[in-house]
1. If you count only protein heavy atoms with a 1.4 Å probe, what accessible area per residue comes out for the chain, rounded to a whole Å²?
2. Once phi is turned into θ = phi - 60°, what whole-Hz ³J(HN,Hα) does the Karplus curve with 6.51, -1.76 and 1.60 give for every residue of the range 260-271, x standing for Gly and Pro?
3. For the chain, modelled as a GNM with alpha-carbon contacts under 10 angstrom, which of 83, 320, 288 fluctuates the most?
4. Just to confirm a number: summing +1 for Lys and Arg and -1 for Asp and Glu over residues other than residue 318 whose beta-carbon lies under 13 angstrom from that of residue 318, what do you get?
5. Once phi is turned into θ = phi - 60°, what whole-Hz ³J(HN,Hα) does the Karplus curve with 6.51, -1.76 and 1.60 give for every residue of the range 214-225, x standing for Gly and Pro?
6. So what does residue 306 come to for accessible area, using a 1.4 Å probe and Å² rounded to 10?
7. Work out from phi, with θ = phi - 60° and the Karplus expression 6.51 cos²θ - 1.76 cosθ + 1.60, the ³J(HN,Hα) of each residue of the range 77-85, listed in order in whole Hz, and give x for Gly and Pro.
8. Collect residues whose amide H, placed 1.01 Å from N in the peptide plane, falls under 5 Å from the amide H of residue 182; neighbours closer than 5 in sequence don't count.
Amino acid sequence: MITVRSDLRSLEGYHSPHVDVAVRLNTNESPFAAPEGFVERLERELAAIEWNRYPDRNARGLRAAIAEHHDVDSDRVFAANGSNEVLQTVLLAYAGPGREVLTFEPTYQLHAQIARITGSAVVEAERSADFSLDPGALEQAMARHRPDITFLCSPNNPTGLVDDPAVVQAAMRTGHGLIVADEAYAEFSEWSAVDLVDEHHNLVVVRTFSKTWSLAAARLGYLVGPTWLVAELDKVALPYHLDAVKQAIGRIALDFVADKNARVEVIVAERDRVRAGLEALDVEVVPSGANFILFRPRAADAGQVWQGLVDRGVLIRNCSSWPRLSGYLRVTIGRADENDSFLEALSEVLV
Ligand SMILES: *Cc1c(COP(=O)(O)O)cnc(C)c1O
């Protein structure tokens, strides 16, 4: 019998339990459909696709549209099948066997997971007890481990906390390896590191169409980075990895920026309302700059609270078995009626 690579044997797959309930607030998707008119535009483009031909290997139209959105040159943009594939490509090019990746826990589990799959060693450093990341502690950890890649995540998943700009600046100052700033939720927060990207720093900023753009089904993400780095990623990505439909989806989506901004505004307002609702209950709430909120019931068992919500038709994420997150639950911000259902169910469960 053949066996899997020995370093993969202890790896567990990525799990996000799916329970069939009315209100699903567990995976940080947008609760809103893609914008009005989006599907019609896509249908028209589908009719024009030459199905017998390979798509544009360099996804030039898509890259140009993303580049224009961020006001950068298109050779600073690399796109892939979800930001997870962007991260994998970065890790294949700049980490891998014999190289080391640094994370600050708790953070997005897939950073360490994909790093391990690519054969990289992972070093886990710690965030503070309040989940914030101190620039001094970050510099120390980077100086000690001299990682080939350091992952930052702001707003951080699953905590929702936004890193201070000083964190990214400190990481850039150390000059150790590549800094990967995962900004899957940046549009929900106050600032972004994307303006810090230039030719002289080892910084890339990773974004996704899965959350703010209401396009989780499309699997499309990208990074903005120095041109020399993008050129290396282009060598590592599989030929034609971005199919013609996906390239069209991204281009069309970027014509609906105003709709995207309007959806973000609604979600941010709802987030503040849900936060106020949570603060009125017996739970500790972590401040969030994202489209989800991490919280901890003070006097009730998190697993029982999670089950009580499922029993009332509301699914959220139970983080309480995750390292450093004992007792914590994470709720995605949904539509107003879904958020009402959540708050009502939670207040029932907590009495
Ligand atoms: C949801 C999420 C992503 C998105 O991954 P895709 O592959 O683009 O769907 C990336 N990073 C973080 C931190 C996330 O929470």
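The values are calculated or read from the model by the stated rules, or taken from the named source; none is laboratory data. Computed from a prediction, not measured in an experiment: that's the story for all the values here. Methodologically, a virtual Cβ is constructed for each residue, glycine included, from the backbone with ideal geometry; neighbour enumeration extends over all protein chains shown. Each accessible area value is taken on the protein alone, full model and side chains, heavy atoms only, with ligands, DNA and RNA left out. Shrake-Rupley method; radii C 1.70, N 1.55, O 1.52, S 1.80 Å.
1. Values: 15860 Å² over 351 residues.
I get 45 Å² per residue for this part.
2. Residue by residue, the range 260-271 yields 4, 4, 5, 5, 4, 4, 4, 5, 5, 5, 5, 4 Hz.
3. 320
4. Charge balance in the 13 Å sphere: +2.
5. Taking θ as phi minus 60°, the curve returns 6, 10, 4, 5, 7, 6, 9, x, 7, 10, 10, x Hz for the range 214-225.
6. Per-residue accessible area (residue 306): approximately 50 Å².
7. Here the 3J(HN,Hα) series is 10, 10, 10, 7, 6, x, 5, 4, 6 Hz.
8. For residue 182, the qualifying residues are 152, 153, 154, 206.
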